[in-house]
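Each remark here refers to the structure printed beneath this line.
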Amino acid sequence: MSEPEIELTELSFTVSGRVARPVTEVYEAVADPSQLSHYFTTGGARGRLEPGTEVTWDFADFPGAFPVEVVEAEPPRRLVIRWEGDASAAEAMTTVTFSFDPIDDGARTLVTITESSWTATSAGAKAAFGNCSGWSGMLAALKAWLEHGINLREGFYA
């Protein structure tokens, strides 16, 4: 017997990776704009990720600063942001949750990123797949930066 079909009303995705650094160090690499600018926001990040603030992220591959609303910050375990991600939606905002979990007696950190609130349309799916790829790239860049001091995004997009 097959399960009943559930109507899809919203799209979301989750990506995760492990970084060989303590949770506090990994959290700071995301929350601190000077660190984030080294490996992710190729055009720079402005403002620390703290509750109730709006910061900006700029990318060489998508020129122009993106406003990012910080919804929650629980150092060193969780960050929640909202930003424009789904142009096909009436509100056009998505929610991104970063979870930082210590593993291996605190020697490594499991970073999990979930983005939700994409519309269940072709345009919403295309945008969600694009961001899923972007967050996967961010995790790889975060790992390379913190573990080896290498900026994977330098020269990658422009």
For this session: Return the only residue of LEU139, LEU79 being assigned to a strand (DSSP E or B), surrounded by 18 or more Cβ atoms within 10 Å (Cβ to Cβ) and either more than 17 Å from the chain's Cα centre (by Cα) or among the aliphatic types (A, V, I, L, M) (or both).
Result: LEU79
Problem set entry | First in the range 145-157 and within 12 Å of THR41 (Cα to Cα) and in contact (Cβ under 8 Å) with a residue 40 or more places away in the chain, second anywhere and aliphatic (A, V, I, L, M) and crowded, with 16+ Cβ neighbours inside 10 Å, Cβ under 7 Å, 6 or more apart | LEU152/ALA141; LEU152/ALA144; ARG153/ALA141
Exercise. Which members of the range 42-63 meet the condition of being touching a helix residue (DSSP H, G or I) at 6+ places or on another chain (Cβ under 9 Å), assigned to a loop (DSSP other than H, G, I, E, B) and crowded, with 16+ Cβ neighbours inside 10 Å?
Worked result: GLY43, LEU49
Exercise. In the range 17-54, what residues are of a type in the set (Val, Ile, Thr) and at pLDDT 95 or above?
Worked result: VAL19, VAL23, THR24, VAL26, VAL30
Exercise. Residues in the range 29-36: is at least one without any contact (Cβ under 8 Å) to a residue 40 or more places away in the chain, assigned to a loop (DSSP other than H, G, I, E, B) and more than 25 Å from HIS148 (Cβ to Cβ)?
Worked result: no
Seminar exercise, completed: Within the range 142-158, residues assigned to a helix (DSSP H, G or I) and hydrophobic (A, V, I, L, M, F, W, C) come out as LEU142, ALA144, TRP145, LEU146
For this session: State yes or no: is ALA128 of a type outside the set (Val, Ile, Thr), in contact (Cβ under 8 Å) with a residue 12 or more places away in the chain, surrounded by fewer than 16 Cβ atoms within 10 Å (Cβ to Cβ) and in a helix (DSSP H, G or I)?
Result: no
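The values are calculated or read from the model by the stated rules, or taken from the named source; none is laboratory data. Nothing here was measured: the structure is a model prediction, and the numbers come from that model. Cβ sites come from the backbone with ideal geometry, for glycine too, and all protein chains shown count toward neighbours.
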